[in-house]
Amino acid sequence: MNINTVDYELPSAFFKNHTVLLTGGTGCLGACLLFKLALQADTRRVYVLVRGSVEHAKLQWAASMAGHIDGILATGRVELLVGDVRKKHLGLDPGVLAELADAVTLVIHCAANISLMSSLHDTIRDNCLPTLALAELASGFKHLSRFVYVSTAYANMFLPGGPVEERIYETHDAERQLAAILETGSEPSMDVELEGFPTPYTFVKHLTERLLLLRHPRLAVLLFRPTFLGPAISQPFPYYARDGSAPVSKMMEKAIEFGIRSVAEIMPAHPGGGAHVLDEIPVDLAANLLLLHCMHGSTGPVHACAQSYVPRTIAQVVADGEPHTRQVRTRIQKQKYSARAGISTAVALRFYAIVTHVGRNDWHFSNAASRKFAEVGGPLGMKLHASHDPEKYFAERAMLMAEKVRANAGASRTSKL
């Protein structure tokens, strides 16, 4: 299809001719994409790779988007395949693999272990190697038009503050890095944190992007780089988000829980960091951008960032939750959210490292590749509805986080009775 004739406001005209293989379909972005592919884009067929069992996947969807999964499955165009991206050939039977090779035109690879606590070696095992194996498998699909790898804009956290363009930033030799990690469990010539990566997760995304392009130069690869995913504006429903999948919301929740009212309490060593953007995009807008880029025929790196919605500084995010710190009263002792005291959990300290990294580096993620979609309406629209009020969206998000803190505190008290 000539990309110049694509009607972005009528996605069904494009996706009715496509069969999608979706991994990570029970995750926050993956489930939102499944909703859109099945119910808004009328995709010809969607194969969803699910781990464990079909029943377990349905339970996850019922918990995250109750009221929608039945409609998605009722279309008759969604097929659930029990497998695992970490297994050879996805853990699928030869007959199923042959069916995919004949039918699939678009691979959307969302599956990832997003744990901030995983070691470098484990993150390579869970995220890098399966991606490379899937790309190798997809290279044999007869009618493949696009391989979409969901990376992260923070794959370039080693860069100093300033513009971050939609391109590959080369560092060390990618193949040598991978070989060293597989052999020793770490990269002996490079300390991940000293190189500017606060977590193995972001480093491995950077490494995987480069390896994909090096190993598969003839594969049409779209490197989709969202910043932090925020709760949905409207789809599948307002404030949809998988628990733990919206980092800025989690930061706000912890700020409310521990009575934090100013950026100085989070980043005492970086007083100017509060003016830096804590880049976040609602998950449904991120999903729209991914699918619009598929329709356009985009390849290479593209960002899904706050420039496509409303940029918000760290200080503004903390201020959103500040009114609730005066109202929420829990039995948890208030603590400083700082590098020294932390908030008593290793996971929170890891996220603290990321937030302070943002505070030190005033990145400006380019969204040049997506500006052409700014006025697109329809099911995958990026043009905000006239009734949408971003300030109300942020305020209600803070209220929901405060309610969650209250509920958790109540549950904690009940469990001790």
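The values are calculated or read from the model by the stated rules, or taken from the named source; none is laboratory data. Values in this document were obtained by computation on a predicted structure and should not be read as measured data. Reconstructed Cβ throughout: ideal geometry from the backbone, glycine too, with neighbour counts over all protein chains shown.
Okay, here's what the table says:
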item: Condition check for Thr43: hydroxyl-bearing (Ser, Thr, Tyr), at pLDDT 95 or above and surrounded by 18 or more Cβ atoms within 10 Å (Cβ to Cβ); result: yes
item: Of the criteria (1) touching a residue at least 60 places away in the same chain (Cβ under 8 Å); (2) loosely packed, with under 15 Cβ neighbours inside 10 Å, which one Ala98 fails; result: (1)
item: Residue under evaluation Gly91, criteria (1) more than 30 Å from Lys250 (Cα to Cα); (2) free of Cβ contacts under 8 Å to residues at least 12 places away in the same chain; (3) surrounded by 16 or more Cβ atoms within 10 Å (Cβ to Cβ), criterion not met; result: (3)
item: Condition met for Val376 (in a loop (DSSP other than H, G, I, E, B) and at pLDDT 95 or above); result: yes
item: Search result, residues across the range 1-37 that are surrounded by 18 or more Cβ atoms within 10 Å (Cβ to Cβ) and in contact with a Gly (Cβ under 8 Å, 6 or more places away or on another chain); result: Tyr8, Pro11, Leu22, Thr23, Gly24, Gly30, Ala31, Leu33, Leu34
item: Output for the range 228-240, where each listed residue is assigned to a loop (DSSP other than H, G, I, E, B) and on the phi < 0 side of the Ramachandran plot; result: Pro231, Ala232, Ile233, Ser234, Gln235, Pro236, Phe237, Pro238, Tyr240
item: Criterion (touching a strand residue (DSSP E or B) at 6+ places or on another chain (Cβ under 6 Å), assigned to a loop (DSSP other than H, G, I, E, B) and at pLDDT 95 or above) met by exactly one of Leu223, Leu219; result: Leu219
item: Residues of the range 102-125 classified as in a helix (DSSP H, G or I) and either under 26 Å from Leu289 (Cα atoms) or aromatic (Phe, Trp, Tyr) (or both), total; result: 1
item: Members of the range 126-146 that are more than 26 Å from Phe14 (Cα to Cα) and in a loop (DSSP other than H, G, I, E, B); result: none
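Here is a yes/no grid of residues against (1) more than 30 Å from Leu222 (Cα to Cα); (2) modelled with pLDDT of 70 or more; (3) assigned to a helix (DSSP H, G or I); (4) in contact with a Ser or Thr (Cβ under 6 Å, 6 or more places away or on another chain):
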position: Val328; (1), (2), (3), (4): yes, no, no, no
position: Ile332; (1), (2), (3), (4): yes, no, no, no
position: Thr356; (1), (2), (3), (4): no, no, yes, no
position: Ser370; (1), (2), (3), (4): no, yes, yes, yes
position: Leu380; (1), (2), (3), (4): no, yes, no, no
position: Lys392; (1), (2), (3), (4): yes, yes, yes, no
position: Ala398; (1), (2), (3), (4): yes, yes, yes, no
